[in-house]
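The values are calculated or read from the model by the stated rules, or taken from the named source; none is laboratory data. Quick caveat, the model's predicted, so the values are computed rather than measured. Cβ: placed from backbone, ideal geometry, glycine included. Neighbour counts: every protein chain shown.
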Amino acid sequence: MSIIRPTVTYSCETSARTVTEQNRLLVFERRVLRKIHGPTLDNDRTWRIKTNEELEIIIKEKNIVRFIKSQTLRWAAHVVRMETTRTVKKVTEWERCS
């Protein structure tokens, strides 16, 4: 996940996501995690795929959507601290004329 997550979330902090997009990201992340961690051997000696709950435990509940939200907050805090002459700051504080 150390290479996959940064690639998937590149510049994520500057764009809005719909609920559908968030769900797609979660599905993608779970699919990758299942490939990485493989199946689980139960006590009855049968193999099964890991459940979503098991995957949440593995990643310590730091899923991709939470990661993106934290990156968005970090970016917003960064913009707030910028000088007012910076273009990003001007665009962020720009108000539309009626």
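The table below gives the values:
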{"read-out": "Check on Thr92, over 16 Å from the mean Cα position of the chain (by Cα), farther than 27 Å from Arg24 by Cβ, of a type in the set (S, T, N, Q) and modelled with pLDDT of 90 or more", "value": "no"}
{"read-out": "Those residues of region 61-82 which are more than 15 Å from Arg5 (Cα to Cα) and of a type in the set (D, E, K, R), in sequence order", "value": "Arg74, Arg81"}
{"read-out": "Residue within region 81-88 that is more than 29 Å from Glu21 (Cα to Cα), at pLDDT below 90 and polar (S, T, N, Q) present", "value": "yes"}
{"read-out": "Condition met for Arg45 (without any contact (Cβ under 8 Å) to a residue 60 or more places away in the chain, on the phi > 0 side of the Ramachandran plot and out of contact with any strand residue (DSSP E or B) (no Cβ under 9 Å at 6 or more places or on another chain))", "value": "yes"}
{"read-out": "Residue selected from region 19-62 under the condition part of a loop (DSSP other than H, G, I, E, B) and either within 28 Å of Thr92 (Cα to Cα) or among the hydrophobic types (A, V, I, L, M, F, W, C) (or both), by the criterion nearest to the chain's Cα centre (by Cα)", "value": "Ile59"}
{"read-out": "Conditions (1) under 22 Å from the mean Cα position of the chain (by Cα); (2) surrounded by 15 or more Cβ atoms within 10 Å (Cβ to Cβ): number failed by Ala16", "value": "(2)"}
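Rundown of residues vs (1) in contact (Cβ under 8 Å) with a residue 40 or more places away in the chain; (2) of a type in the set (Gly, Ala, Ser); (3) surrounded by 12 or more Cβ atoms within 10 Å (Cβ to Cβ), yes/no style:
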| site | (1), (2), (3) |
| --- | --- |
| Glu29 | no, no, yes |
| His37 | no, no, yes |
| Leu41 | no, no, no |
| Glu53 | no, no, no |
| Phe67 | yes, no, yes |
| Thr72 | yes, no, yes |
| Trp75 | yes, no, yes |
| Trp94 | no, no, no |
